[in-house]
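Participant: One structure is given below, represented as structure tokens, and several questions about it will come after.
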Amino acid sequence: MKILAVNAGSSSLKFQLLNMPEETEITSGLVERIGYDNAVFVIKVNGQKVSKEQTILDHKVAVELVIKGLIENKIIDSLDEIKGVGHRVVQGGEIFKDSVVITDQVIKDIESLNDLAPLHNPANITGIKAFQAILPNVIQVAVFDTTFHQTMKEDAYLYSAPYEWYTKYGVRKYGFHGTSHQFVSQRAMELLDNPKAKIIVAHLGNGASLCAVDSGKSVDTSMGLTPLDGIPMGTRSGSIDPSVLMLVSQKENRSYADVLDDLNKRSGYLGVSGISNDSRDIVDNMNEGHKRATLAYKIQIKRIADFIGSYYVYMGGLDAICFTAGIGENAPIVRNDVIEAIKVLGAKIDPVENQKRGEHLISSKDSKIKVFVIPTNEEVMIAREVMRLNK
Ligand code: ADP
């Protein structure tokens, strides 16, 4: 059965067509710069990327193009072959404790959360509506970045701030990357053959977060009200004393929103190093002795170790740490240095295994904690959710 997994941004739309339940990719692609004259549509045909630049007015046109591309390239013969569409939705608030079949009410509920994710949720809705218009009889499912973390207890998700902020405005930690944390922790439980395992997933990409998973449930995570919180990332600061906002806005005569933009877009690797948001550039420059690149790198490793230590204590032990996403899957040096930073917990890496690619165990035989690399696959997770709800 063919299922489409969709991730719609404000000016982009990524898609992957999967064969389910085999969980194999049939094709994938994206539309970028929607709304502009020089929009680009990219689709994989027989493993080769084919791209075309053209004017794409809006998401509806983008979706029409995707469907036309699937048919013209003989990836599908007709629309009827698509049996379900799963949409990534960033913010599900406290309303959505699970993925959900999309109805008019669900769309209204997602819209009611726009204040919590002003950049993401409206874009996700645009994508949903575009697919509804073109595939009106096909089941559409919303899969939220936040639902996996809805199992956190109050002591983990509440900020120590006026309680009314929570009751009136929904100020609390929601956490993100939920589909990835769920996918990776489920796989780790299989590899450990232990459904009660205590696991930390380190999703280290351009955006990065950690998640503590006990018996398959998220019990804590590093991102908060927004994806700015937690560990330092490519361009985001991670957790920071909010007083910084006041000081910098006064000194530079800028608004809070403007300074917040610096914390989202000009901090992390980029802000500290002054060079790049890309971990490869940071590591290359560090190896050549660049002082601020080294500092950017070291700050991130320390903060990751801080979170792992705190989750170790919170869960009362740890069976496995799993590295995933762009950096976690591809940067042995980062994995090595994180494990080195927490060696007091008894975790040890096998330097030979650590250099290998793909899913594998990288801890040494005498390590007290198993360390895995598990490539994430958010699209498969989304397609699984469509299958589960399409009964
Ligand atoms: P996101 O989905 O958050 O945009 P990704 O998971 O794609 O991010 O990860 C992007 C990060 O992965 C970048 O910082 C990039 O440097 C890093 N990365 C990708 N490939 C490699 C590699 N071969 N070695 C080291 N880092 C890599």
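Read-outs: derived from the displayed coordinates by stated rules, not from any lab. On a predicted model such as this, the values are computed, not experimentally measured, just so you know. Every residue, glycine among them, receives a Cβ derived from its backbone with ideal geometry; neighbour counts consider all protein chains shown.
Participant: Explain nothing, just the number: relative contact order of the stretch 193-378, from Cα pairs under 8 Å at least 6 residues apart, as a whole percent.
Facilitator: 20
Participant: Working from Cα positions, state the angle (0 to 90°, nearest 10) between the long axis of helix 243-252 and the longest principal axis of the chain.
Facilitator: 80
Participant: So which of Lys356/Lys391; Lys198/Lys365; Lys168/Lys196; Lys153/Lys356; Lys108/Lys196; Lys196/Lys298 end up more than 28 Å apart by C-alpha?
Facilitator: Long pairs (Cα-Cα over 28 Å): Lys356/Lys391; Lys168/Lys196; Lys153/Lys356; Lys108/Lys196; Lys196/Lys298.
Participant: Let me ask something additional. Taking the C-alpha atoms of the stretch 310-369, how large are the radius of gyration and the largest Cα-Cα span, Dmax, in Å?
Facilitator: 11.4, 31
Participant: Can you give the relative contact order of the stretch 2-144 as a percent, counting alpha carbon pairs under 8 Å and 6+ residues apart?
Facilitator: 26
Participant: A follow-up question, please. Can you tell me the orientation of helix 121-134 relative to the chain, as the angle in degrees between its alpha-carbon axis and the longest Cα principal axis, to the nearest 10?
Facilitator: Computed tilt is about 30 degrees.
Participant: What ranking do Phe372, Phe176 get, fewest neighbouring Cβ atoms within 10 angstrom at the top?
Facilitator: If I rank by nearby Cβ atoms, fewest first, I get Phe372, Phe176.
Participant: Which whole-number percent gives the relative contact order of the chain, counting Cα pairs below 8 Å spaced six or more residues apart?
Facilitator: Taking the mean separation of contacting Cα pairs over the length of the chain, I get 14 percent.
Participant: Counting DSSP beta bridges in the chain, what percent are antiparallel, to the nearest 5?
Facilitator: 65
Participant: Now, a different point. Return the loop-located GluC sites (Glu not before Pro) in the stretch 6-44 (DSSP other than H, G, I, E, B) with at most 12 other Cβ atoms within 10 Å of their own Cβ; answer none if there are none.
Facilitator: Glu22
Participant: Further, regarding this structure: Starting from the Cα-Cα distance between Ser28 and Ser239, subtract it from 0.36 nm times their residue separation and give me the gain in nm to one decimal.
Facilitator: 72.5 nm
Participant: Here's a follow-up. What nm distance separates the two modelled labels at Ser112 and Ile275, each placed 7 Å from Cα along Cα→Cβ?
Facilitator: 4.9
Participant: Restricting the count to DSSP beta bridges whose residues both fall in the stretch 193-378, what percent are antiparallel, rounded to a multiple of 5?
Facilitator: 60
Participant: Dividing the alpha-carbon radius of gyration of the stretch 1-87 by 2.2 N^0.38 Å (N being the number of residues), what value is obtained?
Facilitator: 1.03
Participant: A further question follows. Arrange the following residues from fewest to most other Cβ atoms within 10 Å of their Cβ: His360, His87, His149.
Facilitator: So the residues, fewest neighbours to most, are His360, His87, His149.
Participant: I'd like the FRET efficiency for Gln105 and Ser310, computed as 1/(1 + (r/R0)^6) with the beta carbon distance as r and R0 of 41 Å, rounded to 0.05.
Facilitator: 0.60
Participant: Further question on the same structure: If you take the beta carbon distance between Lys298 and Ser249 as r and set R0 to 41 Å, what does 1/(1 + (r/R0)^6) give as a FRET efficiency, to the nearest 0.05?
Facilitator: The computed FRET efficiency comes out at 0.90.
Participant: Tell me the Rg and the Dmax, in Å, that the Cα atoms of the stretch 345-391 produce.
Facilitator: Cα-based Rg and Dmax for the stretch 345-391 come out at 15.8, 46 Å.
Participant: Can you tell me the orientation of helix 291-315 relative to the chain, as the angle in degrees between its alpha-carbon axis and the longest Cα principal axis, to the nearest 10?
Facilitator: 90
Participant: I'd like to compare 92-99, 210-217, 75-82: which one has the highest average count of other Cβ atoms within 10 Å, and what's the full order after that?
Facilitator: Descending mean neighbour count gives 210-217, 92-99, 75-82.
Participant: Shifting gears a bit: Using packing as a proxy for protection, rank 264-275, 177-188 so that the peptide with the highest average count of other Cβ atoms within 10 Å comes first.
Facilitator: 177-188, 264-275
Participant: OK, next. Ignoring everything except DSSP H segments at least 4 long, calculate the 222 nm mean residue ellipticity for the chain; use -39,500 (n - 2.57) per segment, divide by total residues, nearest 500.
Facilitator: -11500 deg cm²/dmol
Participant: Also: Provide the gained length on full extension for the span Glu340 to Lys74, in nm with one decimal, where the gain is 0.36 nm per separating residue minus the Cα-Cα distance.
Facilitator: This chain segment gains 90.7 nm when fully extended.
Participant: Counting other C-beta atoms within 10 Å, which of Phe144, Phe307 has the fewest, and how do the rest follow?
Facilitator: By the 10 Å Cβ count, ascending, the order reads Phe307, Phe144.
Participant: Next question, about the same structure. Could you give me D for the chain, from Stokes-Einstein at 10 °C and 1.306 mPa s, where the hydrodynamic radius is the Kirkwood radius over C-alpha pairs? Units µm² s⁻¹, please.
Facilitator: Translational D for this selection: 72 µm²/s.
Participant: Binning at 5 angstrom from zero up to the longest distance, how are the C-alpha pair distances of the stretch 118-196 distributed in percent?
Facilitator: Bin by bin from 0 Å, the calculated values are 3, 12, 13, 16, 16, 15, 11, 9, 4, 0.
Participant: Any number yet on Rg/Rh for the stretch 193-378, C-alpha, Kirkwood?
Facilitator: Here Rg/Rh amounts to 1.00.
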